[in-house]
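Undergrad: To start, I am sharing the structure in question, which I have written as structure tokens.
What follows is calculated from the coordinates using simple rules that are stated; it is not laboratory data. Every value quoted in this text rests on a predicted model; they were computed, and no experiment measured them. No Cβ is skipped: glycine too gets one built from the backbone with ideal geometry, and neighbour counts run over all protein chains shown.
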Amino acid sequence: MVFHYTGMKSESEAIKRLTQIQSEVGTHYYIKKNGEIIKMVPELYTAWHAGISQWGKYKSINKYSIGIEISNPGHQFGYVNFSKKQINNLIKLTKILIKKYKIKKNCLLGHSDIAPDRKLDPGEKFPWKILFNNKIGIWHNLSNKKLNSLRHKIVSVKEINLFMTSLRKLGYPAKSNIFKNKLKFRKLLIKAFQRRFRPELINGKIDQECLLIINKLRSIKV
């Protein structure tokens, strides 16, 4: 399952784009600002929500996934917090789909997880921790005190390599479909990880805090 924000100026504009075949984008579910859920594509049909994407051994995620678009102007048009009604109804919908299709908790993803070289959504304001507290997805659940004490602390070259290996083992793509520059892609990959698991600081730099988080995530049984 892949979560998105719409990244459009208005809700009506987003709905129009998602329902016009010439736009070549679509989604299974759309959640409006007021929490109303619109089913746009039957779950067993492919919706064009993921684009060029990869998670683990799976490429072109559209054919393997359910897409949920949540109304939000996104980074380009004034990124805002998701409303309580949106998140409450997202939780209800997601729980139904998890039970129906037996979706593993490490397969609840953001668009930026599967396309880190192209996408920022659902972004750092998406409440992954709240979802985790409702038994949806994965989270590290480490104390803020411990995390803050390790932020900005330098890591060794060996630790950097271990971190990047761990990213791949979690499912993040090893190569970019866009950038030939490996260092540029690596920074985007780290930012995607931070946007989801360390949203307080998204700088594309690995520190001891990032290392602790990824080690904790790797220890979670899925």
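Undergrad: For the stretch 149-222, compute the orientation-averaged projected area of the C-alpha convex hull (one quarter of its surface), in nm².
TA: 5.1
Undergrad: Moving on. Kindly state, to the nearest 0.05, the FRET efficiency for S23 paired with K125, given R0 = 25 Å and r defined as their beta-carbon distance.
TA: It comes out at approximately 0.50.
Undergrad: Only sites in a loop by DSSP and with at most 11 other Cβ atoms within 10 Å count here; which GluC sites (Glu not before Pro) in the stretch 1-79 make the cut?
TA: E24
Undergrad: Sort all Cα-Cα distances of the chain into consecutive 5 angstrom bins from zero, then give the percent of pairs in each bin up to the one containing the longest distance.
TA: Taking all Cα pairs of the chain, the binned fractions are 1, 7, 14, 20, 20, 17, 11, 6, 3, 1, 0 percent.
Undergrad: Report the gain in length on full extension from K221 to K146: 0.36 nm times residue separation, minus Cα-Cα distance, nm rounded to one decimal.
TA: 24.8 nm
Undergrad: I've got another one for you. If amide H atoms are built 1.01 Å from N in the plane of the peptide, which residues on other chains or at least 5 residues away come under 5 Å of the amide H of I70?
TA: So I70 has HN proximity to H4, Y5, T6, I31.
Undergrad: May I ask you to list, by number, the DSSP H helices of the chain whose Cα span along the axis is at least 24 Å and whose average Kyte-Doolittle hydropathy reaches -0.5 or more?
TA: Length and hydropathy pass: 84-101.
Undergrad: Same structure, new question: Rank N181, N141, N88 by mean-square fluctuation in a GNM of the chain with C-alpha springs under 10 angstrom and give only the top-ranked residue.
TA: Most flexible of the set in this elastic network: N181.
Undergrad: Treating the Cα atoms of the stretch 13-139 as identical point scatterers in vacuum, please give the log10 of the normalised Debye intensity I(q)/I(0) at q = 0.13, 0.20, 0.21 Å⁻¹, two decimals.
TA: -0.51, -1.40, -1.59
Undergrad: Over what distance in Å are the Cα centres of the stretch 75-116 and the stretch 1-70 separated?
TA: A separation of 11 Å, based on Cα centres.
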